[in-house]
Each structure stands twice: as structure tokens, then as C-alpha cells.
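Trainee: Here you go, one structure.
The values are calculated or read from the model by the stated rules, or taken from the named source; none is laboratory data. Small disclaimer: the values here were computed from a predicted structure and weren't measured. Methodologically, a virtual Cβ is constructed for each residue, glycine included, from the backbone with ideal geometry; neighbour enumeration extends over all protein chains shown.
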């Protein structure tokens, strides 16, 4: 307790002393002013004692009165200070009532109201800006997802800062390295090729915004891809932009389409030469022997047959090239007809009825061109034949879909149809330079006016198979994938001991969990499931996951199966540990491992991995230990308990991936709590973890 | 009617094929007339009423499809067999040709032996 009395006490004392002192002084002066005999008379008079008492009473009253006047003003200062502190730090809606005189209180309350308003306005503004930013991020993510080209953005040192789903799909594969934020592009492609391309890029004038280097590059699992490198210099960002595409026809040994066509033409010319040679021989030597003549004739026969084949082949190649130039989309029959119905109705200026006899079909068609073709015919039928009441009908005809445009009115005379066929289909604004017959042929089909008095026209269109499932990129359920992190530009990766200085919120970690046959690795229990998810810069990347069952020869303990529900039968198709552990090691290479009660999982990984020559020596953070660092007295250190405490929802509990995700979420929420305790870097966390007593448990 | 005296009309704008077919069909015993384009083909068809018409598809002016359609629209031509000849070999074109009333559809390059065999078949039926 402070030895210094409070201001209030000091003030009280001071007031008392003042009053007493002034009274004494007044009394003394009065006494001195009196004549000696008046003094003696006063002293002798018994009433003077009473007067003295009254005087003392009056003095006390005066002192009390003065004190009451002063006290509010003295105590006011610390009260005001306290009130203003509350206002500023915890409660902007606090208002003064009795802590100060009314005018002062009013003035201060007015200031407080203004302060609260501005604080609110600032918060709103921040919230708006954050929402705007989040909205733009969502838009960027959506745009990235729509790009059909595979795109990567890398920092100068090769770390991937942005990628999109096509890139992930293009580069994925059983033995392919993983694509992920913070991973190195050199793990995906041969280093020498990338460096060479970057060198070439550097040679371009730095002002040349069109600078780009194209190359065919090899992936680490032996595929060839077309790549285009371009420089990226934007503010603080410095790196390169890489687009990738399948290298069609550039598989080993296979020539490009243009080369193939050239080869076929050359071959055709060769065979033609043989034919002409034989013919010349026959003409120049009419008297040759029959046998010889036969041989030449046979040659003409054979060579010209081969010539025919060459040309058929050439036509196939041309058709394939045309497919690329004028692609057809796969479209469901119902959707296709609905689109056409609307477009034709506009041209026919009346309703168009629809009969779809084969609603489950899928077609390959250019709906825009077909709509234009149908509109053309409908408009002509209306104006030249007075046809009306149009109907669209879709049915089957052998291997094609048959689309009929029917109307009431006269059928189209053949000559008229020929005329129509040869005109470009749309005039004026947005003219399609194609004729009816060209459009029909592009669809590998034909069009013609129907016969036997039926007023209508038919188009044959190719059928397609219903689209199969596109290989789904694995996703943690319900989360929005994160495809870029530009903060990675600013954080340089650290190796070895330097890594211990990395801040926890800047770490790249792999949260993982395993399910096992039992609890005793020393006795031979093995891993039967692994789940992992990547955490970069405090963000959980829901699209960078690893999940797999692992086959094992070891029987699964009933107690273990009761927990995770994995039976031996479920492992029948699973890869073995020899196949899977190397992949998992690649998934979590160069990251910090993150697990709940990680000593347990790690013991299995090192035991089984060691047998395969895989090194799981990355630093490992244990959410169990970190939780104990923060709440040493708490005894609820189960994953669910910690999750609940931190507000993490637990779904998919007791699947390896589900637990890994919960571990990741817990870690992310622990980071600010650890930082508040002064545990900011990896090194700090590792040290603190070691010191908690749980670390004394050893799982051998 | 005697098969051997059947009349065949060849409609094609390429002289080489017309020459070859005329020669071969005459050798096989048919009476052959020719036309070099769609309009001439229609005229001759109406005038001579052949038993079978070999009709090329790709011709300038009226193409084979139009000629076929026009002929079939004429009830008097109902008994005439029509065989279309073309270099295009896609199924859709064959379907179209047959839908427009052709009896058969042969793609070039064809073996003339096979063509004549087909002609014989159709005329015998």
C-alpha cells in the first residue's frame, strides 16, 4: 500500500489546517489587540469560555462547509481520469453522471458521443473496405477458376504464389509432384529447362511488355507440356508468369498435325508417280510381253488404291484440324432445343412448339450457328412460302440426332432449297459467313427439305456420349479454395536452423493425422490411413489435401476399428505403405509437421518410413503440447475438448483427413494466443512444447 | 423388260467418268445416254425415261440432290432407279441421299465392276 495519502485525504488535511491556522491567527491578533485589562477581564469572565467554544464550533462548521465545497472538485480529477480511461479503452458508450459538475459532464459527454460516432464510422469503413477486398478476392478466385489455361505465378526463386484448378489438374498424377502454394516450381519441372527459359526471358528488354518465351518442357514424371514464360513486375512483386498446355501430338515420336498432312501428301504424290510410270511404260512399249503388261497393270491397280487411302487419311486430318478451328460443344438435347425454340420464335414472330422425342440424348453442336441456320430457314419460309405455326422436333435417325423444323404451309421446292443453301446465313450485323450447307457439314451432318408432302426441313447432328465425371480436384468439404497468396513474395524461405526464426503465422505446415491398426508401433502396428492438409501463412488450403487408406498385412485391433471404423475389407484396393509413404513424404516435404499428439503419429511414420529409406525429420509441432503450454492446469486435452474451447467445429471426426483439418484449425487459432504469451517463432514454440510435462510421455 | 436392253442415263459433270462408264455399261449390254449437268440430266430423264440413272452429287448449278428430289416429285418417274455417286463418304450424306429418294449411294473411288454388279442387281429387282 502506498505511503502517500490519496489526494482526497491530503486536500482534507490541507483545508483543516488552513481553517485552523487562520482562526488561530485571527484569535491571536485579536488577543494582542486587546488591552491587558480587557484580556484579564475576558479570562476571568466565565462566558468567554462559552464564547471560545462557540467560536470553535463555528470554525468547525466553516471548515466542514469549505470541505463540502471543495471535495467534489478535488476528487473529480482522479474520477475523471478513470472515467475517461473507461471511455477510451473499453466502453465508448460510457457517459459521465456524477463524476463531474454538470457543465463539465455535459461537455465531456458531448465529446464522448462524438468520439463514439467517429469510432463507429471508422469501424464501418474498415468493415466495408474488408468486405470489398473479400469481394474482389472472391471475384479473382472465380475468374481464376474459369480460366481454361493452366496458370502459375512464381516468385523469382521459384516458389508458387498462385495457381488455378486447370494447373492442378494438368500437373496431377499418381507419381507427379504436388502443386501448392509455397512449393517450388522446380519440384514440378526439370530445373535446367526452367532456368534456361528464365535466362532467355531476362535477355528481353525489361520494357518490352510482350516479352515471352515459349518452350516445350518436361515434367518430373516424364510428360511434355507447352509452356509460355513471361515476366511479372508489379509493385513489390517480382517473378514470372507461366502458362501451360498439353502438347498435343508432341508425344515422343509423333509428328505435329501439319507435318502429318505434309507426309501424307508426299506419300500420295509418290504413289501417283508409280501409276504414271506404269502408264507411260504401257503406252511407249505396246508390244511388251503379256506377263510384263500384267505386272504394270497390277501396279496401277495397287498404287492407285493406296493413293485413295492416302487421300482419305488426309481428309481425316483435315477434319480433325477443322474440329479445333470450329469447335462443337457437347450439349444436352433438351437444353439445345430450348435455346433453338427461343431463337426461332423470335424470327418466326410467333410461338414455336417443341417435340423432343429423345430427351436423354447429348449432341455435339454449335448452338449459335444452328440457331442462325434455323432462323434463316424460318424467316425464308415465312416470307417466301407464307409458312407458319412452326414446330421443332428432335428424334433419332440411325447414328445421328435428327432435328426437324416443321411448319404448316407448302414444302420447299428443291430449286428454292438449293438457292437457300448457298447463301450466308446471317446478314447485316453479326453476319456469319457460313452457308446452310457449310453449317450442316461442320456438324458432320446434312440438311435437306423433307419429302412426301411434309412441309419441313431436317438437320442431322452428331450424338455425343453424356459427359463423364470430370476428375474432381480433391477438396476439403465445404471450404472455399485459396489459390493465391501474394504475401509469400515477402517472406523468404528459411532453411535449417534459420527456420526456427520463422514466425508461427508465416510457417508453411502440413497438418496430418493417421489411423492405425493399434497403439503399439514397437509391436508391429501399422498405419492404415493418412490424411493431411497444408497450412500456408496461417491459411488452411482446402484444395491442397492428401487422403488415402494404406493396405497392411497386420490385423486391425478391434478396439482400434471401433474408433476409426476401418475394416480390413476396406483396405483391399488401397496402396501399400511402400507406394504411399514416399508420396506422403513428397506432400509434406520442406514443411513443418503439425499433429495432435504428434509423437504417436510420428513414431509410426519414422518406423515404417525408415524401413523404406524415407526421412521424416521435419520439425513437428504438437497441438496437444501447445495447448498444455497455454493451459497447463487444464486436463481436457482431447482434440474435441480443445476444439470446443477454441470454437472449432468438428466434422468428420475420426477420419484421418477430418482430424488433420481440425488440428489445422486449432493451430491457426492458437497462434494469436501463443503470440500474446510471447511465443512468436517456431523456435519459441518448440522450446515451450518441450518444457511442458506431457512431453515426458514417450511413445517409443 | 429385258435386262440387257435397259436404258441407263449417266449424269456427271466430269468427262473422264462419263467416258469410262459409258464404255463399260455399253460393253455390258445396256443402252447408255449421258448428260453433263443437272438441267440436261432432268431434260433427258423426262424425254427418255431411263430405267436407271447414275447421278453425280457434286455438280455446278443443280446438284445431284436437287435433281433427285425433282425427279421423285414426278410420279411418272417413280419406277426409275436412282443411284447417287459422290466422293463424299459420310453417313449423313448417304442418309440424305436415301431420304431424298435415291435407291442407292456409291462413293468414289468405286470399282466399276462393283458398280455394274450393283446396277444389275437393282435392275433385276
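Trainee: Any idea which residue in region B:77-94 is farthest from the other protein chains (Cβ to nearest Cβ), counting only those that are in contact with a strand residue (DSSP E or B) (Cβ under 6 Å, 6 or more places away or on another chain) and part of a helix (DSSP H, G or I)?
Mentor: B:94
Trainee: Out of (1) part of a loop (DSSP other than H, G, I, E, B); (2) over 24 Å from residue A:399 (Cα atoms), the odd one out for residue B:39 is which?
Mentor: Status for residue B:39: all satisfied but (1).
Trainee: Just to be sure I understand, how many residues within region A:143-170 are closer than 26 Å to residue A:199 by Cβ and not in a loop (DSSP other than H, G, I, E, B)?
Mentor: Residues in region A:143-170 being closer than 26 Å to residue A:199 by Cβ and not in a loop (DSSP other than H, G, I, E, B): 13 in total.
Trainee: Residues A:558, A:574: which one is at pLDDT 85 or above and farther than 20 Å from residue A:499 by Cβ?
Mentor: Answer to the selection: A:574.
Trainee: With respect to residue A:264, is the statement that it is within 13 Å of chain B (Cβ to nearest Cβ) and buried (at least 17 other Cβ atoms within 10 Å of the Cβ) true?
Mentor: No: the conditions fail for residue A:264.
So that you can scan it fast, the table gives a plain yes or no per residue for (1) surrounded by 15 or more Cβ atoms within 10 Å (Cβ to Cβ); (2) modelled with pLDDT under 80; (3) closer than 30 Å to residue A:510 by Cα:
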residue	(1), (2), (3)
A:157	no, no, yes
A:170	yes, no, yes
A:190	no, no, yes
A:201	yes, no, no
A:223	yes, yes, yes
A:232	yes, no, yes
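Trainee: Right, another one. Every residue in region B:42-76 that is away from chain A (no Cβ under 13 Å) and either part of a helix (DSSP H, G or I) or out of contact with any strand residue (DSSP E or B) (no Cβ under 7 Å at 6 or more places or on another chain) (or both), please.
Mentor: Hits for region B:42-76 are B:43, B:44, B:45, B:46, B:47, B:48, B:49, B:76.
Trainee: Return the residues of region A:84-116 that are part of a helix (DSSP H, G or I), free of Cβ contacts under 8 Å to residues at least 24 places away in the same chain and buried (at least 16 other Cβ atoms within 10 Å of the Cβ); say none if nothing qualifies.
Mentor: A:105, A:109
Trainee: Sticking with this structure for a sec: Does region A:691-699 include one or more residues that are surrounded by 17 or more Cβ atoms within 10 Å (Cβ to Cβ) and modelled with pLDDT under 85?
Mentor: Checked region A:691-699: at least one residue is surrounded by 17 or more Cβ atoms within 10 Å (Cβ to Cβ) and modelled with pLDDT under 85.
Trainee: Checking the conditions here, which among A:403, A:374 is within 14 Å of chain B (Cβ to nearest Cβ), at pLDDT 90 or above and buried (at least 20 other Cβ atoms within 10 Å of the Cβ)?
Mentor: A:403
Trainee: Moving on. With (1) more than 14 Å from every other protein chain (Cβ to nearest Cβ); (2) at pLDDT below 90; (3) within 44 Å of the chain's Cα centre (by Cα) as the list, and residue A:424 as the residue in question, which single condition is left unmet?
Mentor: Exception for residue A:424: condition (3).
Trainee: Among the residues of region B:13-31, is any buried (at least 16 other Cβ atoms within 10 Å of the Cβ), modelled with pLDDT of 90 or more, more than 14 Å from residue B:81 (Cβ to Cβ) and in contact with a helix residue (DSSP H, G or I) (Cβ under 7 Å, 6 or more places away or on another chain)?
Mentor: no
Trainee: Would you confirm, using the coordinates I've provided, whether residue B:56 is under 30 Å from residue A:461 (Cβ atoms), surrounded by fewer than 18 Cβ atoms within 10 Å (Cβ to Cβ), at pLDDT 85 or above and within 11 Å of the chain's Cα centre (by Cα)?
Mentor: So residue B:56 fails the test.
Trainee: So, in region A:566-598, how many residues would count as being in a helix (DSSP H, G or I) and within 16 Å of residue A:519 (Cα to Cα)?
Mentor: Total satisfying the criteria: 1.
Trainee: For residue A:649, which of the numbered conditions (1) modelled with pLDDT under 85; (2) closer than 17 Å to residue A:548 by Cα fails to hold?
Mentor: Looking at each condition in turn, residue A:649 falls short on (2).
Trainee: Identify all residues within region A:280-316 that are within 14 Å of chain B (Cβ to nearest Cβ), surrounded by fewer than 16 Cβ atoms within 10 Å (Cβ to Cβ) and more than 24 Å from residue B:90 (Cβ to Cβ); write none if there are none.
Mentor: A:301, A:302
Trainee: Suppose the filter is in contact with a strand residue (DSSP E or B) (Cβ under 9 Å, 6 or more places away or on another chain), modelled with pLDDT under 90 and not in a loop (DSSP other than H, G, I, E, B); does residue A:481 pass it?
Mentor: Working: in contact with a strand residue (DSSP E or B) (Cβ under 9 Å, 6 or more places away or on another chain): yes; modelled with pLDDT under 90: yes; not in a loop (DSSP other than H, G, I, E, B): no.
The answer is no for residue A:481.
Trainee: For residue B:110, are the conditions met, namely being within 12 Å of the chain's Cα centre (by Cα), within 12 Å of another protein chain (Cβ to nearest Cβ) and either without any contact (Cβ under 8 Å) to a residue 40 or more places away in the chain or not in a loop (DSSP other than H, G, I, E, B) (or both)?
Mentor: no
Trainee: Quick one: is residue A:395 within 14 Å of another protein chain (Cβ to nearest Cβ), more than 22 Å from residue A:326 (Cβ to Cβ), at pLDDT 85 or above and not in a strand (DSSP E or B)?
Mentor: Here the answer is no, as residue A:395 does not meet what is asked.
Trainee: Kindly establish whether residue A:416 is modelled with pLDDT of 85 or more, buried (at least 19 other Cβ atoms within 10 Å of the Cβ) and either within 14 Å of chain B (Cβ to nearest Cβ) or not in a strand (DSSP E or B) (or both). Give the steps one after another, and end with the answer.
Mentor: Values: modelled with pLDDT of 85 or more: yes; buried (at least 19 other Cβ atoms within 10 Å of the Cβ): no; either within 14 Å of chain B (Cβ to nearest Cβ) or not in a strand (DSSP E or B) (or both): yes.
So residue A:416 does not fit the description; no.
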